[in-house]
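Here's the structure, in C-alpha cells; my notes come after.
The values are calculated or read from the model by the stated rules, or taken from the named source; none is laboratory data. This structure is a prediction, so every number in the text was calculated from the model and none was measured. Please note: Cβ atoms are built from the backbone with ideal geometry, for glycine as well, and neighbour counts cover all protein chains shown.
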Amino acid sequence: MDLHYLTAHELGDLLQRREVSAVEVTEAIIERIKAVDGRVQAYLTRTAEEALEQAKAVDAARARGEEPGPLAGVPMALKDNLCTGGVRTTCASQMLAGWVPPYDATVVRRLKEAGAVILGKLNMDEFAMGSSTENSSFFPTRNPWDLERVPGGSSGGSVAAVAAGEACYALGSDTGGSIRQPASFCGVVGMKPTYGRVSRYGLVAFASSLDQIGPITRDVTDCALVLGVIAGHDPSDSTSADLPVPDYRAALQPEIKGLKIGVPREYFGAGIEPEVETVVRRAIAKLEEMGAICEETSLPHTEYALPAYYLVAPAEASSNLARYDGVSYGLRVPGKDIIEMYMNTRSQGFGPEVKRRIMLGTYALSSGYYDAYYLKALKVRTLIRRDFEAAFSKYDLLATPTSPTVAFRLGEKAGDPLAMYMSDLCTIPVNMAGLPALSIPCGFSQGLPVGLQLIGKAFDEATLLRAAYAFEQATEYHRRRPELGVA
Amino acid sequence: MPITTAEVEHVALLARLKLTPEEKAAYTGQLNAILEYMDKLNALDTTDVEPTAHVLPLRNVFRDDVARPGLPREKALAGAPAASEGQFKVPRVV
Amino acid sequence: MEYEAVIGLEVHVELKTNAKAFCGCTTAFGGEPNTHVCPVCLGLPGVLPVINRQVVEFGLKTALALNCQVAPFCKFDRKNYYYPDLPKNYQISQYDLPLARGGHLKITVDGEERVIGITRVHMEEDAGKLIHVDGPDGGYSLVDYNRTGVPLLEIVSEPDLRSPAEARAYMEKLRTILQYLDVSDCKMEEGSLRCDANVSVRPRGSQSFGTKTEVKNLNSFRSLQRALEYEIERQVAILESGGRVEQATMAWDENRGVTYVMRTKEEAQDYRYFPDPDLVPLEIDAAWIERVRRELPELPDARCRRLIDDYGLPAYDAGVITSSRDLADYFDRVVALYPDAKTVSNWIMGDFLRLLNAGNLEPGQSPVPPEEMASLLQLQKEGTISGKIAKQVLEEMFATGKGARQIVEEKGLVQISDAAALTQIVEEVLAANPGVVEDYRNGKDKALGFLVGQVMKATRGKANPGLVNRLLKERL
C-alpha cells in the first residue's frame, strides 16, 4: 500500500481503526519527500522532527482511547505565506529568508488543534505574486506531470506536493487564482472559499480584499474535511464572517438532479486552448448527463476583471509590503542614512515581479491618478459583482475552465508579464466578487491535467462541494497520478 | 497617457525602491504596456456606480477594551536586524 | 500696514482606553521600551487589526461634546508614508469619511466670547518613539513601539483663531472639555495632548487667506503661544520687506525660541490614502448617538452657567472653578456641606489653588478632602477660629493630611472669645502704647487697627478680632 497517495479521509479511517500509526504514515511521507522532492522542489522548509513529534502525540492520544478527529495524524504542509510560530516563514522572498514568526496563523492553530502533522513549508511565487512559482526567490517548483513545466502559481509548491504524494493535503492562498490555477495544472482539487469564510489572520497579506486561504487536496471529500477545520469566525480578523459552518462532509451527496448550472460564454473566449475547451465542455456535458440543467449565460463585464484586478491587487500590495523596510525584522541592507537603508533593503529584498507590482500599485494610488485608476477599478469591481448577482438569481452554480491553458513550460511566459497575467483570466473575477470556487480534475490535454472551475454563491461552499463530489464519483480523473517514477 | 521615466523615478522614490537604469527602462516599458491594457476600463461608464472596497456587507466589527499581555521583549526583538538597549536600532533619523 | 493672523489648530489627543486601538496591548504610559507590544502593533507579516469599541465610544463622546455632526457611515483609511516609528509604514486613519464634522466650541479672551469652528474629528493610531543618539557616522536612532497603536483622536479647527492668545484659549478649553469627558489624560508633557498649528497672516480686514505654514512640535501651552507669536512676526516681517511666505512645514525649537523649516511644499508627501481593506466600515445609528448623548456629563459651559445662576457666583469665579472638572466637583462637594458659595469660591480660588500649585498637584490630588474643607470653613463661621488661623490650619492640612478640627485642637488654636480672658491683654496693650491711644483719641482711626494687631500678636492670633475691637472701643 502506497501510504503517500492515500487521501486524508482514507488515512483517517486507517488511523482511527488503528491499522496504521500516525508515526508510520508520517515516516512514509517523509521518505516520499526524500525520494521525489529533489525533482519536484516543492518544499522550502521541512520540519520532519516536529512532524514526528506531532504524530507521536496523536498516537499517544489514540492509545489513551481518545479520538482526536479525522485529520489527526494526517501529514500535511503549508504554503510558506502562512505564519508558523517558531518555524521560518519566508513567502519565498529574500526579504523574509530568515524570519521566524512568534505566532501561528489562525488556520495553523486550528489545524494543530485538529491534530494535523505539519511536514513543512511549501514554495510559492514571491509574496504570492505570480502564476507559475517561477517568481520564488529560491528556486522554481516543477510540475509532477512534466518536470519541464510549471506547476502553476502562486501556490505551486502546495499543489505539486499534493500531486506528488509529498503531503496528503496542503493549504494555499488564492488572491486571483493562486489555488485553483495550479490545482488545475497539477490535477488536484483546490478551493478558494468565500471571502470571509476562513480567517486571514497570519496569512502574509498580498491583497487584503482578495486574499483567501483554502484547501488543496486529492479529492473532494478531503476538501470538505479540511475546509470544515479551517473555516469559521475569527475575532482576530475583522473581515471574517460570523456565520455557522455547515457540516461539509454531510453535504457530499452524489445527486445533482435539477441543479441549475450557468456556463458563461466569456470564459471560453480568445486565448483558450481548443483542447482545453473540448475537455471542459465534455465535463459540463457529463454534469448535464447526471441531471444538472446546464445553460449558456453571460457575465458581460468579465473582460474588465483582469485590468481592474491588476489595479486593486497591486495597490493594496504596495501598502501591505511597505512594512518590509529593514527596521524591525527581515532583511536589512545597510545604507548611509535611513532612506538609503530602506531603498537598498527593498531593492535587494524583493524580486522583479514584486517590485513591478509595488510600482504599479504605488502609481495607481498616487495623487492625480487615484480616481482614474484605483477608484475606477473599485467601480468596475461593483459591475463584476452585479454580473454574478444576476447570474446567481438564475443558477445555483457556474461552470468554467479554471485556466485557459494547461501547464506551460518553465520560462515560457517569464519575460512577458501581461501574458503571464492572462493565465488567471478565469479565476480573477471570482476573487473580485469574493465568491467561493473550486477546481477539480476534469480530463487531460496533451497528457496534462485540465481543471473544471465551479463557482458558487457566497457562503454556499456546500453546493459547490456537492456538485464536485457528484462529478468526481462519476469520473476517474482524480485517481490518476503523475509518473514521477517509483518511490 | 504614457508614463515617463521621470514618473517611474518618482514612484520608485515613493515606494522606496532603488532602481538601476536598466530596471527603470524596463519598468517604464512594462508599466506602459500594462497601463495601456488598463485603459480598456475607460470604455465603461461608471459615473453612477458605487465603488466596492469590501465584498462583504460587514459593519461594526469590534474588539472589547481589554488589555492582554503582548510579546516578551526578547521575542519582540528576536527578528531585529540591529537592536540596542531593548530597542530597534536604525541609522540616525533627522 | 496692520496685519492679522489666521490660525487653525490640529490637535491630537491620546485616548485613555485600557487597550490599544487595534490590538490588546496596554496603553499604560512608561514601561520599559518595547514591552507593550504584540505582533499586531509591531506590524509583523500576517497580522490584522480589529478596532477597539471604546475608541469609537470616546470619539463619539468627544464629537458630541464639540457639537459635531456624527457621520452615519465612516471608514478607516491607510495613510502611507515611510518613517521608522511607524512599523507598517502606513498609519490607520480616517480620510474622506471621518467620524464627525462641523462642530464648535466657545472661548473667552479678554472678556470677549468667540465661537471657534471644529472642521472634523477622526480616529487614528499613534506612532512609536524615536530616540536619537549621537555617535560616529552620524549616530543612530532607537525605536520603541510601546506607544504604537495607542488610539488618537485628531480634532481639526476651522481657521477661526486670530491671535496666539486665542489659540491658547482654544487649546485650554479643548483640554477642559476632554477632561470633563474623561477620555484622555491630556498631559502635554507626556504627549497625550499634542498640537500642530496652521498659521498665515493677512492685512487686517482682508477676506482672503495668506500662504500658510504648519508649525509642529508644540508641546505645551507656552510653546504654542510663543511659537505662534514668533511665526506670525516672521511672516509679517517677510511681507513687510516685500517678500513672499513660502508654504512649508515648520518645527518649533523651544530652546532657541525659533521656528525652522522641516519640509517645503516641493517635498510635500503623497500619502496615497485608500480604504483599509482589513477594517470594515462603521455605521453609527441615531440610537447609538442618543445613548452617548444621554451619558455625556455636564460640560464646562453648562456648569459655569449653573454656578452663576444657582449660586450667584461672578462669571470670573465660575470660569476659574469650572476650568477643571475635578475643581468644579470639589467646589460642588464643599458647597453641599457649607452652602455659602461665595465664601467657598474665595477659598478655592485663593489659598486652595495656591497650595495646590505650590505642591504641583492637580485638583483631583488634593490632600484635603472636600469634607475637611467644609469643616474648616464651619470652624471659622462658628467663631472657633479666626480667618487668619484658618489659613494656617489649611496649610497644615495640606502638609499633614490631618483634619481641620484635629489640628485646631492639637495646636490649641481655638479662638479666644472669652471677654474676661481678653480684657487683661487689652489693658496691657493700652498701657504699653499710650502714644497710639492718644492718636486714636485725636481722631486717627487707623490707630485702632494697630492696637488690634498688638492684641492678636499677644494671643498668637487666637483672639476673636470682633471681640477685641469691641473691648478696645469700650476702653477708649
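Does segment C:140-153 contain at least one residue that is of a type in the set (Asp, Glu), without any contact (Cβ under 8 Å) to a residue 40 or more places away in the chain and closer than 26 Å to C:Gln54 by Cβ?
no
Quick check on segment A:360-377: of everything there that is surrounded by fewer than 22 Cβ atoms within 10 Å (Cβ to Cβ) and among the aliphatic types (A, V, I, L, M), which residue is nearest to A:Pro314 (Cα to Cα)?
A:Leu375
Yes or no, residue by residue, for (1) within 14 Å of chain C (Cβ to nearest Cβ); (2) among the β-branched types (Val, Ile, Thr); (3) within 24 Å of the chain's Cα centre (by Cα):
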site: A:Glu288; (1), (2), (3): no, no, no
site: A:Glu296; (1), (2), (3): no, no, no
site: A:Glu303; (1), (2), (3): no, no, yes
site: A:Pro314; (1), (2), (3): yes, no, yes
site: A:Asn320; (1), (2), (3): yes, no, yes
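Looking only at segment C:100-113, decide whether some residue is out of contact with any strand residue (DSSP E or B) (no Cβ under 9 Å at 6 or more places or on another chain), farther than 30 Å from A:Leu321 by Cβ and part of a strand (DSSP E or B).
So far as segment C:100-113 goes, yes, one or more of its residues are out of contact with any strand residue (DSSP E or B) (no Cβ under 9 Å at 6 or more places or on another chain), farther than 30 Å from A:Leu321 by Cβ and part of a strand (DSSP E or B).
Scan segment C:146-164 and give yes if some residue there is part of a helix (DSSP H, G or I) and either in the same structural domain as C:Glu57 (by TED's automatic domain parsing) or in contact with a His (Cβ under 7 Å, 6 or more places away or on another chain) (or both), otherwise no.
Yes, segment C:146-164 contains a residue that is part of a helix (DSSP H, G or I) and either in the same structural domain as C:Glu57 (by TED's automatic domain parsing) or in contact with a His (Cβ under 7 Å, 6 or more places away or on another chain) (or both).
For (1) in contact with a Cys (Cβ under 8 Å, 6 or more places away or on another chain); (2) closer than 16 Å to A:Thr133 by Cβ; (3) more than 14 Å from every other protein chain (Cβ to nearest Cβ); (4) β-branched (Val, Ile, Thr), each residue gets a yes or a no:
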| position | (1), (2), (3), (4) |
| --- | --- |
| A:Val150 | no, yes, yes, yes |
| A:Glu166 | no, yes, yes, no |
| A:Thr175 | no, yes, no, yes |
| A:Ser178 | no, yes, yes, no |
| A:Cys186 | no, yes, yes, no |
| A:Val189 | yes, no, yes, yes |
| A:Pro193 | no, no, no, no |
| A:Gly196 | no, no, no, no |
| A:Arg200 | no, no, no, no |
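Are any residues in segment B:34-57 touching a Phe, Trp or Tyr at 6+ places or on another chain (Cβ under 6 Å) and more than 7 Å from chain A (Cβ to nearest Cβ), and if so, which ones?
none
For segment A:323-339: of the residues being more than 8 Å from chain B (Cβ to nearest Cβ) and either free of Cβ contacts under 8 Å to residues at least 60 places away in the same chain or touching a strand residue (DSSP E or B) at 6+ places or on another chain (Cβ under 7 Å) (or both), which is nearest to B:Lys75 (Cα to Cα)?
Selected residue: A:Arg323.
When you look at A:Thr239, is it under 30 Å from C:Cys23 (Cα atoms), without any contact (Cβ under 8 Å) to a residue 60 or more places away in the chain and crowded, with 24+ Cβ neighbours inside 10 Å, yes or no?
It is true that A:Thr239 is under 30 Å from C:Cys23 (Cα atoms), without any contact (Cβ under 8 Å) to a residue 60 or more places away in the chain and crowded, with 24+ Cβ neighbours inside 10 Å.
Quick one: A:Leu375 ticks every box in (1) assigned to a helix (DSSP H, G or I); (2) more than 7 Å from chain B (Cβ to nearest Cβ) except a single one, so which number is it?
(2)
Report the residue count in segment C:50-73 for those that are surrounded by fewer than 24 Cβ atoms within 10 Å (Cβ to Cβ) and over 30 Å from the mean Cα position of the chain (by Cα).
Selection size over segment C:50-73: 2.
Would you mind finding the one in C:Arg120, C:Arg101 that is touching a Pro at 6+ places or on another chain (Cβ under 8 Å) and charged (D, E, K, R)?
Of the residues listed, the single one that is touching a Pro at 6+ places or on another chain (Cβ under 8 Å) and charged (D, E, K, R) is C:Arg120.
Tell me, please, whether a residue that is surrounded by fewer than 19 Cβ atoms within 10 Å (Cβ to Cβ) and under 27 Å from A:Gly176 (Cβ atoms) can be found in segment A:51-63.
No, that holds for no residue.
Considering only residues that are under 16 Å from C:Leu130 (Cβ atoms), surrounded by fewer than 18 Cβ atoms within 10 Å (Cβ to Cβ) and within 9 Å of chain A (Cβ to nearest Cβ), which ones fall in segment B:59-88?
B:Ala82
For segment C:127-163, which residues satisfy the criterion of being aliphatic (A, V, I, L, M) and more than 9 Å from every other protein chain (Cβ to nearest Cβ)?
C:Ala127, C:Val150, C:Leu152, C:Leu153, C:Ile155, C:Val156, C:Leu161
Which ones in segment C:7-25 are outside any loop (DSSP other than H, G, I, E, B) and either surrounded by fewer than 21 Cβ atoms within 10 Å (Cβ to Cβ) or not assigned by TED's automatic domain parsing to the domain that holds C:His104 (or both)?
C:Glu10, C:His12
Of all residues in segment A:404-448, count the ones that are in a helix (DSSP H, G or I) and either under 16 Å from the mean Cα position of the chain (by Cα) or surrounded by 24 or more Cβ atoms within 10 Å (Cβ to Cβ) (or both).
8
So, in segment C:17-68, how many residues would count as being closer than 30 Å to A:Val100 by Cα, β-branched (Val, Ile, Thr) and more than 7 Å from chain B (Cβ to nearest Cβ)?
3
Among (1) surrounded by 20 or more Cβ atoms within 10 Å (Cβ to Cβ); (2) modelled with pLDDT of 95 or more; (3) within 8 Å of chain A (Cβ to nearest Cβ), there is one condition B:Leu31 misses while meeting the rest; what is its number?
Unmet for B:Leu31, out of (1) surrounded by 20 or more Cβ atoms within 10 Å (Cβ to Cβ); (2) modelled with pLDDT of 95 or more; (3) within 8 Å of chain A (Cβ to nearest Cβ): (2).
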